[in-house]
Amino acid sequence: MNRITSFLFVSLLIVWGCEKSTLETPANISENNVGLDCATCPSVLHPFASVEPGGTIITCDNFQGAPWPEDGSFSGGAIVGYTQEGTQPVTVLGDGTCDFGVQPGMYLFGMTQFAFDGSEQIARFNIYAFDGAFETSGFTVNDEEYTPYGDFFPMVLGGVTIDLDYSAPDDDTWIHAYLTFTGNLTEVRLNGFESGTTELCVTKTIEPGVPTIDKSHYIYFDDFYNHSGESVGYHPNYKTPLGYFGYQGTNVVIDFEAFLGYAPTRLSFVHAYLTGSDNLINVQLPNTPLIVTIPDSLEYYLAPYGYTVEYYEDTDGLQWQNATDPPYSDAFVDSIVISGSEMNQVTLGAILQESELRSICTYYEQ
């Protein structure tokens, strides 16, 4: 590290006002982990952008209001509109028609095609017909054979599960039902005769986002390993005020010589988790293998390499899940302080099953 960079780091340390501490109380015992008397907390300074954790999204198109027409008739070849947030076309096929303003939503004669993106999803139509007219209407899915509504359900066609459920509320004129398709969908064609549809709801599972990991940086994320030696994650999902929250495991690798200009002899980190979560951690220090253990066993593994460990447990602590919302209470908080010589490059991590890795701190000792 050149002299200019070293000078900047020393200046920052002075600004932070950190001094050598006797550490008469645990470094991380404060429930807020503020004012830890440590020289710096890389987990606070690291510019990690939050990553969406994924989950389930539902989009519904109600065909009885805007942006769908109040009235009008569409014939073969016409695009009626677009479903699923305006991304997938609805097209009248052949000599069919799709009418608005005559009956609720789309009133169908012949085939009307609803397009999908091909991904795994659940598409649920609210369909309606006169009593007995379900026998004369039906559907196709992904170019499979035509199936009338009067068939037996549930069924599987081309890997797609179809169900017809009459739990939808009826009205004074029409019998309503839910027609549901589950699987990889590219298209559904509804064939209407004195029947139609009022709504389409599509449910999709969104995979978690993946950040770009810059391993040339002085601090970066890396694979977290379980007892079997399998990687179970390599990045968090959200930045918290003092660290990171996530749904998988993550290790934080820090090059302190590049970051601080010297190798610390004392560092600490915190793992906060709620009831039912695992407290597995990873630790690797100079001259040690990667240690996979739980906090109260870390001393056993590090002692042969000349390191000492202080472990503190709080069963009524706080856990943050992002940078803006208030923390959860009644969290289990494991605070770990490690002392040793020349800890220039370290790996510290936790199994983040809806838990928080935070307050990775070093101490400025003269």
Next item on the list: Send over a whole-number figure in Å² for the accessible area per residue of region 210-289, probe 1.4 Å.
Entry: 38 Å²
Check: Regarding the chain, what are the three Cα extents along the principal axes, ordered largest first, in Å?
Finding: 86, 41, 33
Next item on the list: Quick one: pull the percent of accessible area on region 137-255 belonging to carbon and sulfur, 1.4 Å probe, ligands and nucleic acids left out.
Entry: 49 percent
Next item on the list: Order ASP117, ASP222, most accessible first, counting only protein heavy atoms with a 1.4 angstrom probe.
Entry: ASP117, ASP222
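Excluding THR205 itself, what net charge comes from residues whose Cβ is under 14 Å from its Cβ, given Lys and Arg +1 and Asp and Glu -1?
-3
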Next item on the list: For the chain, find the longest principal axis of its Cα atoms and tell me its angle to the long axis of helix 3-16, 0 to 90°, nearest 10.
Entry: 80 degrees
Checklist line | Value of [θ]222 nm, deg cm²/dmol, for the chain, DSSP H segments ≥ 4, -39500 (n - 2.57) each, nearest 500 | finding: -2000 deg cm²/dmol
Next item on the list: Would you mind working out the accessible area per residue for region 112-190, using a 1.4 Å probe, and quoting it in Å²?
Entry: 45 Å²
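The values are calculated or read from the model by the stated rules, or taken from the named source; none is laboratory data. Source: prediction; values computed, not measured. For neighbour counting, all protein chains shown are included, and Cβ atoms are generated from backbone atoms with ideal geometry for every residue, glycine included. Keep in mind that these areas ignore ligands, DNA and RNA; they rest on the heavy atoms of the full protein, side chains included. Shrake-Rupley method; radii C 1.70, N 1.55, O 1.52, S 1.80 Å.
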